[in-house]
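Everything below concerns the one structure shown next.
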Amino acid sequence: MPTAGQHGIKEHSDGRFGFIPVQTRSDRFKSVNVADFEAVTGRELVWKLSPVAKFTDLTAGTLDGSTYDVSSTDVAGVSVDWVGRDDARIGLAGLPEERASANAWGAFEKALAITVSGEEPKEFTLTRANLGSAPRGAHTIIDAKPFSQAVVILENTGDARLTENVEIILGESANLTVITVQEWDDTAVQLSNHFATIGRDARLKHIVVTLGGSIVRVNPSIHLVGSGSDIEALGLYFADAGQHLEQQVYINHVGPHSRSRVTYKGALQGQGARTVWIGDVLIGNTATGTDSYEQNRNLVLTEGTRADSVPNLEIETGDILGAGHASATGRFDDEQLFYLQSRGISEDEARRLVVRGFLTEIVQKIGSAPLEARLQEAIETELRGTDGE
């Protein structure tokens, strides 16, 4: 028996069920119960560009939901605690819209809660390393209290088979930067859904940096609820041979006079390197005065790669400041290479300079000098793999 509301299934007045396609992004079915979602086949809208056969243990299998080891910096105004499933903050930022997210939601025993308070600026880093090769489900809360300011860096290294949900809650006038850095081992698989709710006059900068891992899918779902709320969503990714890196970004303008800027940039090299970016922006009928723009740019460095880029924009009110989107995927600019080579720079070094300049726009917006320097070095390491291609 189908479930009313699931995947566009609607119940008629006479009790019959029929399929009615979901027309608006916000109408997608949501549930914390994994049994409410059908088995993943790869034909579903949210999975059709993903290698679903390679992570069925995360969408359908039993998950380890126990706590795990983390390390973090000691910063005044930031606390880290394991909290029970009955914590009032769980579910405030969003609910699962697909099976892997719901599987993680049902599996976790305790949530890792990062609480930010105090108006003074601060930087906090939390590191997860070597979560292991067993399938795991996890839940994280980042709670920025009203008027608080912080940069929160989530670093991921080592091995993992992980499906997780991250909830980000911004109180009134909070100013929060959340940076998630994926530098997993080559065999790691991560399916991560980030949900954020942004209060009145609050500002979130959300940055996804993905360099390592076999399959990494980080999907931010940002809800601009309060009047004057603001989101800058940034992404940087570098896909090597055989890697699948995916981002599905959803920006939901609910409150009036909200603003969003989405910029994701990626580079691809090596046989079978694959990236997926889908950007959904919904400007609801209550979101008057919205100012929104999203863009995705991909730079192809070698043959045998594939970049999917799909921007979408839905507008339900005519009273907005502006909205737009852009997408482009291409190879090196031959004129740039010629210009650099004409000044005595070798072809390999010229290529590195072009790619470095392409990705630096994102790196320079991170706001943490040590992390920016480390990422620049990591990009240089990735680029050395293009020599001789």
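Data table
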read-out	value
Any chance LEU204 is in contact with a strand residue (DSSP E or B) (Cβ under 6 Å, 6 or more places away or on another chain), open to solvent by less than 10 Å² (accessible area, probe 1.4 Å) and closer than 17 Å to SER368 by Cα	yes
Those residues of the stretch 46-65 which are among the small types (Gly, Ala, Ser), touching a residue at least 24 places away in the same chain (Cβ under 8 Å) and more than 19 Å from ALA138 (Cβ to Cβ), in sequence order	SER50
Residue count for the stretch 40-62, restricted to those that are of a type in the set (Gly, Ala, Ser) and under 15 Å from PRO96 (Cα atoms)	1
Verdict on ALA287 being in contact with a strand residue (DSSP E or B) (Cβ under 7 Å, 6 or more places away or on another chain), at pLDDT 95 or above and outside any strand (DSSP E or B)	yes
Where GLY212 falls short, out of the listed (1) farther than 25 Å from ARG384 by Cβ; (2) part of a loop (DSSP other than H, G, I, E, B); (3) open to solvent by less than 20 Å² (accessible area, probe 1.4 Å)	(1)
Filtered residue count, the stretch 149-172, keeping only those that are among the hydroxyl-bearing types (Ser, Thr, Tyr) and closer than 14 Å to GLY212 by Cα	1
THR73 open to solvent by less than 30 Å² (accessible area, probe 1.4 Å) and of a type in the set (Ser, Thr, Tyr)	no
All positions within the stretch 141-153 that are surrounded by fewer than 21 Cβ atoms within 10 Å (Cβ to Cβ) and in a strand (DSSP E or B)	GLN149
Hits in the stretch 156-174 - residues which are assigned to a strand (DSSP E or B) and either at positive phi or surrounded by fewer than 20 Cβ atoms within 10 Å (Cβ to Cβ) (or both)	THR157, GLY158
Residue that is farthest from ASP64 (Cα to Cα) [pool: residues in the stretch 104-140 that are open to solvent by 30 Å² or more (accessible area, probe 1.4 Å) and hydrophobic (A, V, I, L, M, F, W, C)]	ALA129
Where a residue in the stretch 296-309 is part of a loop (DSSP other than H, G, I, E, B) and its partner, wherever it lies, is among the polar types (S, T, N, Q), with Cβ under 6 Å and at least six apart	LEU301/GLN269; LEU301/THR386; THR302/GLN269; GLY304/GLN271
Residue in the stretch 342-353 that is under 21 Å from the mean Cα position of the chain (by Cα) and surrounded by 15 or more Cβ atoms within 10 Å (Cβ to Cβ) present	no
Where a residue in the stretch 362-373 is polar (S, T, N, Q) and its partner, wherever it lies, is at pLDDT below 95 and surrounded by 11 or more Cβ atoms within 10 Å (Cβ to Cβ), with Cβ under 7 Å and at least six apart	GLN364/GLU372
Residue check for ILE153: closer than 24 Å to GLY226 by Cβ, of a type in the set (A, V, I, L, M, F, W, C) and at pLDDT 95 or above	no
The lone exception for VAL178 - which of (1) under 14 Å from the mean Cα position of the chain (by Cα); (2) more than 18 Å from GLU246 (Cβ to Cβ); (3) in contact (Cβ under 8 Å) with a residue 40 or more places away in the chain; (4) crowded, with 22+ Cβ neighbours inside 10 Å it fails	(3)
Residue count, the stretch 235-275 (criterion: part of a strand (DSSP E or B), surrounded by fewer than 22 Cβ atoms within 10 Å (Cβ to Cβ) and either of a type in the set (A, V, I, L, M) or at pLDDT below 95 (or both))	0
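One line per residue, one yes/no per condition, for (1) modelled with pLDDT under 95; (2) of a type in the set (A, V, I, L, M); (3) more than 30 Å from ILE283 (Cα to Cα):
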position: PRO21; (1), (2), (3): yes, no, no
position: ASP27; (1), (2), (3): yes, no, no
position: LYS30; (1), (2), (3): no, no, no
position: PHE37; (1), (2), (3): no, no, no
position: ARG43; (1), (2), (3): no, no, no
position: SER50; (1), (2), (3): no, no, no
position: ASP57; (1), (2), (3): no, no, yes
position: THR62; (1), (2), (3): no, no, yes
position: SER66; (1), (2), (3): no, no, yes
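The values are calculated or read from the model by the stated rules, or taken from the named source; none is laboratory data. The model shown is predicted, which means the values in this text are computed figures rather than measured ones. Every residue, glycine among them, receives a Cβ derived from its backbone with ideal geometry; neighbour counts consider all protein chains shown. For accessibility, only protein heavy atoms count, side chains too; no ligands or nucleic acids. Shrake-Rupley method; radii C 1.70, N 1.55, O 1.52, S 1.80 Å.
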